[in-house]
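Step one of this worksheet: look at the structure below.
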Amino acid sequence: MMIFAAQEYRDRVAKLQMGMAAQGLDALLLTTAADIFYVTGFLTRFWASPARPWFVIVPVADDPVAVIPSIGAELMGQTWLHDIRTWDAPDPRDDGISLLAGALADLVPVQGQIGVPMGLETHLRMPLADYDLLRARLAPRQIVDATACIQRIREVKSEAEISKIRESCAVAGRAFARVPEFAAEGQPLSSIFRDFQIALLTEGADWVSYVAGGAGPDGYGDVISPAGPQPLRRGDILMLDTGAVKNGYFCDFDRNFAIGPASDTARRAHAALWQATEDTLAHLRPGWRACDVHAALCAGLHKYGATPSGGRLGHGLGITLTEWPSLTPLDETPLREGMVLTLEPGCVTGDGRIMVHEENIVLRKDGAELLSPRASHDLPEITA
């Protein structure tokens, strides 16, 4: 069963095909879960198994063709695609390469070009040896970089996509509201992570592929370490961050909690993060560049007496936890109406300690619209 009506996917493919025509591409070859879901609606957690490659071809002037393992035929048949070609996989002798090469040879002229994403934040989900074999079989057809063709289309979300991301954010918002039920002084951080994932699932997440966070006095050392058995202590700041999934779309935002009364240092840091985000929300418009948002957030932190902690301060969001662009000083990607972004400033709170704050937004023609329930200005305290 597809998440959206078939026309949503047809519209996406039509936009891709316009970009392909402008670049002189005769077909796109897609191999990743996100790209294949984007054009077909094929949604499964079976991608966790690396044993089988999956392929979808988007011709420049026709409907996509799926070349997939036979185990996926039933589910792919529930999408809007009609041309579905299968083989029994995994096959160590020929894992779909002959079938794929034949399909591409039928669709692409001998002197034609096939686009494959090759740039930042892309990967090829097939063995390199098979990729080399495919190139040899298709010669003199050329395989060229199609990163921009795909990214420029995927980075602007339809209203249907925005609605799904908003639903995912609402799920996480309800789960964050329940954190005081299971987070308290003396509780191991590992058990809090587990209980938070349970809350996310209970509140409606389809799955929780990402939970991160940290805890420590007035802040935390990093935001990617796995949770350990250490208990929360009075004076700690607990941060939880989630990429919960609903209908194939991610949210990605965090919340901070003081264990016991918050210190002045923690209160000031949280207030600076909140206000720097608020100022950026008020001024952000289409036409800004990704680096301009980074500069605005850093300027806001300095204005409110905080020192930025470095790294990127946000990114795109959608059918993967992080998408392009990255809000860094070096990313000059122009921001357009319909982009969904995270704003994620961080500041230093002490020796080796930081605090971060994250919201999810969609960029409208007249400014930013929050998708995540806005964090409270005051740092929440868990005192029970």
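The values are calculated or read from the model by the stated rules, or taken from the named source; none is laboratory data. Since this is a predicted model, take the numbers as computed values, not measurements. Using ideal geometry, Cβ is built from the backbone for each residue, glycine included, and neighbour counts are taken over all protein chains shown.
Key figures
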{"quantity": "Extreme residue, surrounded by the most Cβ atoms within 10 Å (Cβ to Cβ), among residues of the range 179-200 that are closer than 29 Å to residue 44 by Cβ and of a type outside the set (Asp, Glu)", "calculated": "200"}
{"quantity": "Those residues of the range 164-200 which are more than 20 Å from the chain's Cα centre (by Cα), part of a helix (DSSP H, G or I) and either within 13 Å of residue 245 (Cβ to Cβ) or small (Gly, Ala, Ser) (or both), in sequence order", "calculated": "177, 190, 191, 199"}
{"quantity": "Qualifying positions in the range 305-325 - crowded, with 21+ Cβ neighbours inside 10 Å and touching a His at 6+ places or on another chain (Cβ under 6 Å)", "calculated": "313"}
{"quantity": "Extreme residue, nearest to residue 117 (Cα to Cα), among residues of the range 310-336 that are touching a Leu at 6+ places or on another chain (Cβ under 9 Å) and of a type in the set (S, T, N, Q)", "calculated": "326"}
{"quantity": "Hits in the range 338-382 - residues which are within 19 Å of the chain's Cα centre (by Cα) and β-branched (Val, Ile, Thr)", "calculated": "340, 342, 356, 361, 362"}
{"quantity": "Unique match (being of a type in the set (Lys, Arg), under 26 Å from residue 37 (Cβ atoms), exposed (fewer than 15 other Cβ atoms within 10 Å of the Cβ) and in the same structural domain as residue 167 (by TED's automatic domain parsing)) among 285, 336", "calculated": "336"}
{"quantity": "Yes/no for residue 257 being under 16 Å from residue 358 (Cα atoms), touching a Ser or Thr at 6+ places or on another chain (Cβ under 8 Å) and in contact (Cβ under 8 Å) with a residue 40 or more places away in the chain", "calculated": "no"}
{"quantity": "Flag if residue 32 is surrounded by 14 or more Cβ atoms within 10 Å (Cβ to Cβ), out of contact with any helix residue (DSSP H, G or I) (no Cβ under 8 Å at 6 or more places or on another chain) and among the hydroxyl-bearing types (Ser, Thr, Tyr)", "calculated": "yes"}
{"quantity": "Subset of the range 330-372 (residues that are under 24 Å from residue 156 (Cβ atoms), part of a loop (DSSP other than H, G, I, E, B) and out of contact with any strand residue (DSSP E or B) (no Cβ under 8 Å at 6 or more places or on another chain))", "calculated": "330, 366"}
{"quantity": "Qualifying residue in the range 72-84 (condition: assigned to a helix (DSSP H, G or I), more than 29 Å from the chain's Cα centre (by Cα) and either loosely packed, with under 15 Cβ neighbours inside 10 Å or outside the structural domain of residue 134 (by TED's automatic domain parsing) (or both))", "calculated": "no"}
